[in-house]
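The values are calculated or read from the model by the stated rules, or taken from the named source; none is laboratory data. Note that the coordinates shown come from a computational prediction; the quantities given were computed from them, not determined experimentally. Cβ placement follows ideal geometry from the backbone for every residue including glycine, while neighbour counts extend to all protein chains displayed. Side chains are part of the model used for accessible areas, which takes the heavy atoms of the whole protein and leaves out ligands, DNA and RNA. Shrake-Rupley method; radii C 1.70, N 1.55, O 1.52, S 1.80 Å.
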Amino acid sequence: MAKLNQVKQRIEKLRAEINHHNYRYYVLDSPEISDAEYDELMRELQKLEEEHPRFLTPDSPTQRVGAAPVEAFGVVEHPQPLLSLGNAFSQEELAAWYKRTSKPIAGEKFDFTCEHKIDGLAVALTYVDGRFTTGATRGDGLRGEDITQNLRTIRSIPLSVPRDAPARFEVRGEVFLPKAGFEKLNRERAEEGLPLFANPRNAAAGSVRQLDPRITAKRPLDIYIYMLGYAEGKATPPTHWETMEYLKSLGFKINPNNELLASIDRVEKFYHTWVERRESLPYEADGIVVKVNQLDLQERLGSIGHEPRWAIAYKFPAIQGTTRLIDIGISVGRTGTLNPYAILEPVSVGGVTIKQAALHNEDDIRRKDIRIGDTVVVQRAGEVIPQVVGPVVSKRSGREKVFKMPKRCPVCGAEAIKPEGEAMSRCTNAACPAQVQERLEHFVSRVGMDIRGIGESQSAMLLREGLVKNAADLYDLKDKREQLVNLERMAEKSVSNILNAIENSKRRPLSRVIFALGILHIGEEMAEILASHFGSMNRLANASREKLLSIPTVGPKIADSIVAFFRQEENQKIIQRLKDAGVKLEEKKAKPEELPLAGLEFVITGRLEASSRQEAEAKIKGLGGTTKDNVTRKTTYLVVGADPGGTKLSHAQELGIKQIKEEKLRRLLERKA
Ligand code: IVH
């Protein structure tokens, strides 16, 4: 019995720890431990729960991987209806809303909160006695679908909240897929020949409304909470802003871009700032939401139909346009894929001229029935590459032409084939100049070996001049300094930079090298899995198909691709040469005490310019340093940012602690990284 009690205690301790680290990672973006350490905790918990199923509870962090599929979603009645929002499309319309709103509450003092209107899916999350019990879609506002199991997989949704939270309450928020996750998902779907999601909103909705929560669990969904629905058993703050602060203290993720603003002019400014900067946001926003901050005034204002009078969505200008599809071009990818793209009559969309847009694959073109000569709708949905949404069928003249994938590679003329079950046609010639160049570009790219100074044009030039034929040749360039300096638009300085960057790339982690090799179907994530599983390039290269298949996330397609890659003599030679050049092909896990900032303690005061304090702290910790909130005798450095308030600075002076500026911290982090 005593033994069982110990197990239970250990399980509870592990859960608390994992929840804490989830919160640091997914809500604060500021992890305290490495992924490996986190995995270790998770494994221990999983093992204990497997051995002692009686202790398994639905709010255990292990349950985030996704429960078994369901036939259909249950129905949830919303105790308080979920409202929608009226829209304003111009300054005049916002002013009119302001007038309408201030009239009934004339004489009252009030301010506004402004938030981004994220384009995702509205959800209501109910907590009872500290536990997340029900998650529902908006539905028709009165009844939604029960998607609790799917929402559990979203790491930024707390499964439990502190004891002093209200006994029963509901928060509402927007579940969304960040732009990067959306692009990645669509890239994968294009490769697999699955229909693409038109925008992050559809992708988020499609992911959340999966009958199989295990699929939801694989999508990088996130959430921002934007409202407290109701709370019982405890008084909550009198304003929206303070309520958000309160919810933050309970562990909910609140958008850090929210602002409390004193006047409608400030609201207008907030809007314009984000019209300019919306593209830089990691998520898709289609406007801002303006809310009267005082909750008693919200109540007095009430709503008309579905729309509250105390809030409005002030929409960003559309970033869609129509133009003519002049032709469909083909570019050749690094694995030989023939990628169709739209050649457009130039059109200005949201202030940017678009001449080309992505078309993904032949099936997608056919599914959308896009024909050459069509008038098409194009959109910039935050992605770098604009998309063709679809044709305007009513504008057809009858002379439009249906697109056919060429049977030969447009670059080298070799035969192009479309393997059974795949979505993309491929050029069959591995020596195709387009493939060779794409492979080189991939190798040096930021996500690959990160060799700065060699981009698209430099890669092309190096190949054209015969200075390199493949990635391994890069490491011989140091003996060809003369020839490099003589190249067009190259000078001593840029050559030195490039050679330095090549030298530095030798120390990239194994996962990056594996990814940089450009093995078919091996993305960044898979490269990491392979690196941590095998620990060396050699072991990976010699792994049998069976051995590869024994890794849970590796399927036959990936295993075959890896085996085929390492079987090719050409690839074996490249890897041998990388090794001879001194590229690190082994993963030696650094012991904590060997990390570059080990033993150094940092305290930060004031505002940092280059990154948030959280980011800086995460980097320091990643390099083995520690961070503290207060200066003590043990502090190594006080990092002094802009406008330092508080007593940290004077304290550091008293104790004679060394002070450094942000710039110095940055160099410290870069040099050691
Ligand atoms: S407040 C009564 N705040 O927009 C207020 N909504 O048309 C109701 N949305 O379905 C919502 N970001 O999903 C609010 N910061 C935000 C929002 C937001 C996105 C969505 C929400 C709702 C729709 C309203």
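Overview of results
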{"item": "Subset of the stretch 433-460 (residues that are more than 21 Å from residue 496 (Cβ to Cβ), assigned to a loop (DSSP other than H, G, I, E, B) and in contact with a Lys or Arg (Cβ under 7 Å, 6 or more places away or on another chain))", "result": "448"}
{"item": "Residue in the stretch 87-117 that is farthest from the chain's Cα centre (by Cα), counting only those that are within 14 Å of the ligand (Cβ to nearest atom) and either charged (D, E, K, R) or open to solvent by less than 10 Å² (accessible area, probe 1.4 Å) (or both)", "result": "101"}
{"item": "Cβ-Cβ under 6 Å pairs, at least 6 apart or on other chains, the stretch 387-414 side touching a residue at least 24 places away in the same chain (Cβ under 8 Å), far side assigned to a helix (DSSP H, G or I) and surrounded by 12 or more Cβ atoms within 10 Å (Cβ to Cβ)", "result": "403/365; 405/362; 411/434"}
{"item": "Count of the stretch 292-317 residues which are open to solvent by less than 10 Å² (accessible area, probe 1.4 Å) and in contact with a His (Cβ under 7 Å, 6 or more places away or on another chain)", "result": "1"}
{"item": "Subset of the stretch 195-204 that is of a type in the set (A, V, I, L, M) and open to solvent by less than 20 Å² (accessible area, probe 1.4 Å) - its residue that is farthest from residue 150 (Cα to Cα)", "result": "203"}
{"item": "The one condition in (1) charged (D, E, K, R); (2) under 25 Å from residue 457 (Cα atoms); (3) in contact (Cβ under 8 Å) with a residue 60 or more places away in the chain that residue 479 fails to fulfil", "result": "(3)"}
{"item": "Only one of 76, 70 that is within 16 Å of the ligand (Cβ to nearest atom), in contact with a helix residue (DSSP H, G or I) (Cβ under 9 Å, 6 or more places away or on another chain) and either assigned to a strand (DSSP E or B) or open to solvent by 50 Å² or more (accessible area, probe 1.4 Å) (or both)", "result": "76"}
{"item": "Residue within the stretch 266-282 that is open to solvent by 70 Å² or more (accessible area, probe 1.4 Å) and within 13 Å of the ligand (Cβ to nearest atom) present", "result": "no"}
{"item": "Qualifying helices (runs of 4 or more DSSP H) (wholly inside the stretch 549-665; at least 2 residues being aromatic (Phe, Trp, Tyr))", "result": "556-567"}
{"item": "From 569, 586, 593, residue being open to solvent by 100 Å² or more (accessible area, probe 1.4 Å), under 16 Å from residue 527 (Cα atoms) and among the charged types (D, E, K, R)", "result": "586"}
{"item": "Residue within the stretch 351-363 that is assigned to a strand (DSSP E or B) and of a type in the set (S, T, N, Q) present", "result": "yes"}
{"item": "Matching entry among 578, 597, 608 (being closer than 26 Å to residue 507 by Cα and within 29 Å of the chain's Cα centre (by Cα))", "result": "597"}
{"item": "Top-ranked residue in the stretch 364-376 [being assigned to a helix (DSSP H, G or I) and in contact (Cβ under 8 Å) with a residue 40 or more places away in the chain; ranked as nearest to residue 196 (Cα to Cα)]", "result": "364"}
{"item": "Matching option when the condition is under 25 Å from residue 149 (Cβ atoms) and within 14 Å of the ligand (Cβ to nearest atom), among 174, 259", "result": "174"}
{"item": "Single residue of 287, 229 found to be within 16 Å of the ligand (Cβ to nearest atom) and surrounded by fewer than 20 Cβ atoms within 10 Å (Cβ to Cβ)", "result": "229"}
{"item": "Filter result for residue 343 (β-branched (Val, Ile, Thr), over 30 Å from the mean Cα position of the chain (by Cα) and not in a loop (DSSP other than H, G, I, E, B))", "result": "no"}
{"item": "So residue 120, is it within 14 Å of the ligand (Cβ to nearest atom), buried (at least 20 other Cβ atoms within 10 Å of the Cβ) and over 30 Å from residue 260 (Cα atoms)", "result": "no"}
{"item": "Hits in the stretch 392-419 (condition: open to solvent by less than 30 Å² (accessible area, probe 1.4 Å) and not in a loop (DSSP other than H, G, I, E, B))", "result": "416"}
{"item": "Flag for residue 132 being more than 11 Å from the ligand (Cβ to nearest atom) and under 22 Å from residue 283 (Cβ atoms)", "result": "no"}
{"item": "Sole residue being more than 27 Å from the chain's Cα centre (by Cα), over 23 Å from residue 95 (Cβ atoms) and of a type in the set (A, V, I, L, M), chosen from 281, 295, 247", "result": "295"}
{"item": "Scope the stretch 436-452; condition among the acidic types (Asp, Glu) and touching an Asp or Glu at 6+ places or on another chain (Cβ under 7 Å); matching residues", "result": "441"}
{"item": "Flag if residue 163 is surrounded by 20 or more Cβ atoms within 10 Å (Cβ to Cβ), more than 14 Å from the ligand (Cβ to nearest atom) and basic (Lys, Arg)", "result": "no"}
